[in-house]
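Some notes on the structure that comes next.
What follows is calculated from the coordinates using simple rules that are stated; it is not laboratory data. What you are looking at is a predicted structure, and each value in this text was computed from that prediction instead of being measured. Methodologically, a virtual Cβ is constructed for each residue, glycine included, from the backbone with ideal geometry; neighbour enumeration extends over all protein chains shown.
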Amino acid sequence: MALGKYDPEAVERKWQQTWQDSGCFEVEVDSAKPKYYVLEMFPYPSGKIHMGHVRNYSIGDVVARFKSMQGFNVLHPMGWDAFGLPAENAAIKNSTHPATWTYQNIAEMREQLQRLGYSYDWRREIASCRPEYYKWEQKFFLKFLEKGLAYRKDSPQNWCPSCNTVLANEQVEEGLCWRCDSEVEQKDMEQWFLRITDYADELLADLESLEGGWPERVLNMQRNWIGRSYGAELTFKVKDMDQTVSVFTTRPDTLFGATFMSVAAEHPLVETLTADAPNKAEIDAFVANIRNMDRIKRGADDLEKEGIFTGKYCVNPVTGADMPIYIANFVLMGYGTGAVMAVPAHDQRDFEFARKYGLPLKTVINPAELDATGEVLAEADLQAAYTDPGILVNSGDFSGMDNESAKKAIVEHLDSSGLGTMAVNYRLRDWNVSRQRFWGAPIPVIYCPDCGVVPVPEDQLPVLLPENAQVRSDGKSPLPAMEEFVNCTCPACGAAARRETDTFDTFFESSWYYMRYCDPRNESEPFSQEATGYWMNVDQYIGGIEHAILHLLYSRFFTKALRDTGFIKADEPFANLLTQGMVLKDGGKMSKSKGNVVDPNSMISRYGADATRLFILFASPPVKELEWSDQGIEGAFRFLSRLWRLVEELEDRLEAVRPTSFNDPQTDAARQLRFKEHDTVRRVTRDIENEFQFNTAIAAVMELVNEMYALKDELADDAPKALSSAIATAVTLLSPVAPHLCEELWAAMGHAESLARQSWPTFAEDALVKDEVTLVVQVNGKVRGKFEAPNDAPKDDVEKIALGLENVAKFIEGKTVRKVIVIPNKLVNIVAN
RNA sequence: GCCUGGGUGGUGGAACUGGUAGACACCCGAGACUUAAAAUCUCGUAAUCUUCGGAUUGUGCGGGUUCAAUUCCCGCCCCAGGUACCA
């Protein structure tokens, strides 16, 4: 077989067909083999793949092919995160059904991914918008409902006026909708929630088990998001009223210094407290003003602290002092209890508030150094709150205690009277999963006028999304107006009832798709225990950092919830996580508005899939950002052509040998090439295993190819065997990155079996032993010369040669040699002065 | 403010447990081949100086440890991401 000119398109199409015909990447449960599950985040079928996808999937493909060659049974699936708003928008624009647009996009994107030669088991492909898929999450929801993990609640929600739907807390970014950047409003609505907060502790604790496998910053982002703080819940009696106010505080040790109380404008007690206030109108206006303020303004750093006195007092349980109750604009209903005990001497916000409204300050924590002198921090002198640790003062029996011990002691004291307990508070809120959208999975419940909320019986699943729906031009979901969908009979009593018209948040689908991949065609259950027992967890998950909180937190929660409802045995879904960096152009993110988008298709048709993959993996390590370079991909293409030409030139003399099979060099050149060949195996293997350093792995193969070019004419009789072995090694090592070209060259050497089925090469230690090594000579730490010496030459010999070097002698002349440090086979440092 | 990363040539990036800083590639320059161009091949390419042997400086800044520091320690500056009136 003659190779001829390198034509990427022809080579790539040929091997893609071959792999498909032979079922090369199709895998089954095989308990005799160790498994490896590599997964890339499944794409939203927007219509076209972009460079970010190419990077994500190329990284995953190298891992999959590498692990497979190492002997693992590799699960490497692909599918589509197919529900979502863009399909509805496109449907409005083209007046079609969102499904039409979605399935068309899937077909196009599948073809593009196939053109890139990724080693997916396409039989396992899933699309989350198919009833065979969402049927199971409807079932999960019913189980959650049964377990009390799902509940319905009426409360203020984040509302995006542009998307016409509510958003989860995680989907609001700086007060804006995560998807469309519209300002998010607050709206009272009845919605379905999942009790993710029940798992707050476990979600936090298990992050420890991911240490090492997940990037530290993602673990930290999740920790911050869950936001656990330790403190106490204290109860204050309202004076002259049969009411109490509870607060959460991390500083119960400062209770003796609490001089007033601040509550949020939304606090349920506000109305009761102010009912008989003489300035009721003024208070109402103040409250309304805060409530109507948008999130951004209200959350601004420089927002002036403002408040208004309710006219009521509560009683400090330890001092008995009256504490005026204020409504304050900086107190948030969404955190803690929506009420704060104000300790102006030891909290900066309370300090500012107290100064503004002339409220009393009382020092109760004294800096230890000051305390030693017998003095106490003077309230009048305070320029800011004292928030550091110290010794309690003015605190009755607790005075003299250090403030850490006092936290516990004071809460225990209150506990006896039922006014305080230790408490843990989380920033995490329950997950609102209701969306007022059409293109999503219907929430399987029915509202009966007599029975209330009734779950759809399991045998009536799936609740199908109607195929005949007409999307509305105003963007609202058509479901509430579709009588044939809405009207139904109550499964409990048979009366006429209404079906829920909200659909699930699309993060519902992406929270469990990796489990479905394990058993994607199962019609009797979401997945079998056998399949998930073998394949789960995902060994390596790869995707963008933008999912660090949302998707990854929801998936972790889902795994635990499905474990507790008996579906799966795993505690965590993803053992290892790689977050790849963004693909940039001219220093900025590629975007249509900037007009700097590089279309993968044009690159593939021009340079081929192999060159595109090679460049994107070579230009930068996976976790870093990648600057796209048009010259760079040309360089990648040039290297592949160079390798191709080398094999073409030698084709007649090559033998179908295994990598690193050449082991009896006769010439120095052959010894040198053999060293390089084995060293390359060592480096490439190490670089891929350590942090997926594909860039340096590729560089190592480039060096090997350069070495072959440099030595090929000096190999004499060793040439055929030495070169055959080195080329076999080069194409094998490079095959995960540029699989098509490598298969072609492998075949050209005379191999009948696919390279994809070969085992990963190993290196021989003896090949890495050099007869001669270069030693560097330093004088006082500066390089002054170098020389060749036999491997493991005796220290004394090495020292003698080093001291005798001309340039070295120059630098030690007139000085006394104090010490000579010899690092074997590396370096000699002469210390002289 | 707090948390997490990160600052190395003209550019992307290397440097295994402290041991020749700049691998590999891009760009650029010179030469070979060619009628010519492209492609390809060879060589050069941190800065400054140079008697062309080499010398000096150099991994954000300032200190320190060490025979030896991009690597370890202390203090600062800058950049990116996350997060926050969180009580």
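The figures follow:
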read-out: Burial ranking of peptide ranges A:259-271, A:436-448 (average Cβ count within 10 Å, highest at the top); value: A:436-448, A:259-271
read-out: Dipole moment magnitude, nearest 20 debye, the range A:640-762 about Cα centre, only Lys, Arg, Asp, Glu C-beta charged; value: 280
read-out: Share of alpha-carbon pairs per 5 Å distance bin for the range A:401-457, given as whole %; value: 4, 12, 11, 11, 9, 7, 6, 7, 9, 11, 8, 3, 0
read-out: Using alpha-carbon coordinates, inclination of helix A:131-147 to the longest axis of chain A, degrees; value: 40
read-out: Gain on full stretching of the segment that runs from A:GLU375 to A:ASN833 - 0.36 nm per residue minus C-alpha separation; value: 159.0 nm
read-out: Leading residue at positive end of dipole, the range A:29-126 (Cβ point charges), from A:MET41, A:ILE59, A:TRP80; value: A:ILE59
read-out: Peptides ranked, highest mean first, by Cβ atoms within 10 Å: ranges A:379-391, A:683-695; value: A:683-695, A:379-391
read-out: Beta bridge orientation in chain A: antiparallel %, DSSP, nearest 5; value: 75
read-out: Debye intensity ratio in log₁₀ form over the Cα atoms of the range A:128-269, taken at each q of 0.09, 0.11, 0.18, 0.19 Å⁻¹; value: -0.48, -0.71, -1.37, -1.37
read-out: Alpha-carbon centroids, the range A:594-635 and the range A:531-582: separation in whole Å; value: 29
read-out: Gyration tensor (alpha-carbon) shape descriptor, chain A, a/c threshold 1.5; value: oblate
read-out: Alpha-carbon centroids, the range A:190-229 and the range A:429-480: separation in whole Å; value: 29
read-out: Per-residue HN-Hα couplings for the range A:25-37 [Karplus 6.51, -1.76, 1.60; θ = phi - 60°; Hz; x = Gly/Pro]; value: 10, 8, 10, 10, 4, 8, 5, 6, 10, x, 9, 8, 10
read-out: Magnitude of the charge dipole, chain A, Cβ model with Lys/Arg +1 and Asp/Glu -1, debye to 20; value: 960
read-out: Calculated from backbone phi, Karplus (6.51, -1.76, 1.60) coupling profile of the range A:801-812 in Hz, x at Gly/Pro; value: 4, 4, 5, x, 4, 4, 5, 6, 4, 4, 8, 9
read-out: Debye, to nearest 20: dipole size of the range A:242-341, +1 on Lys, Arg Cβ, -1 on Asp, Glu Cβ; value: 160
read-out: Cα-based shape type of the range A:337-384, given that a ≥ b ≥ c are square roots of the gyration tensor eigenvalues and the cut on a/c is 1.5; value: prolate
read-out: Charge sum, other residues only, whose C-beta stays under 12 Å from A:VAL218's C-beta, Lys/Arg counted +1 and Asp/Glu -1; value: 0
read-out: Kirkwood hydrodynamic radius over Cα pairs of the range A:1-92, then Stokes diffusion coefficient at 37 °C and 0.692 mPa s, in µm²/s; value: 204
read-out: Other-chain or far-sequence residues with amide H under 5 Å of A:THR165's (modelled H); value: A:CYS160
read-out: Of A:TYR517, A:ILE727, A:VAL315, farthest towards positive along the dipole that unit charges on Lys, Arg, Asp, Glu beta carbons give chain A; value: A:ILE727
read-out: 5 angstrom amide H check on A:CYS129, placed H, neighbours 5+ away; value: A:ALA82, A:PHE83
read-out: C-alpha center-to-center spacing [the range A:237-288, the range A:664-730] in angstrom; value: 76
read-out: Shape of the range A:110-191, Cα gyration tensor, a/c cut at 1.5; value: oblate
read-out: Cα-based convex hull, the range A:702-833, per residue volume (Å³, whole number); value: 151
read-out: Folded to 0 to 90 degrees: helix A:216-226 orientation relative to chain A principal axis, Cα; value: 20
read-out: Long pairs among A:LYS795/A:LYS819; A:LYS67/A:LYS624; A:LYS48/A:LYS624; A:LYS782/A:LYS810; A:LYS786/A:LYS826; A:LYS592/A:LYS624, criterion Cα-Cα beyond 19 Å; value: A:LYS67/A:LYS624; A:LYS48/A:LYS624; A:LYS592/A:LYS624
read-out: Degrees, to the nearest 10: A:348-357 long Cα axis against longest axis of chain A; value: 30
read-out: Selection from A:LEU219, A:LEU805, A:ASN105 lying farthest towards where the dipole of chain A points positive, charges on Cβ; value: A:LEU805
read-out: Label-point separation in nm, A:GLU111 to A:LYS782, each point 7 Å along Cα→Cβ; value: 6.7
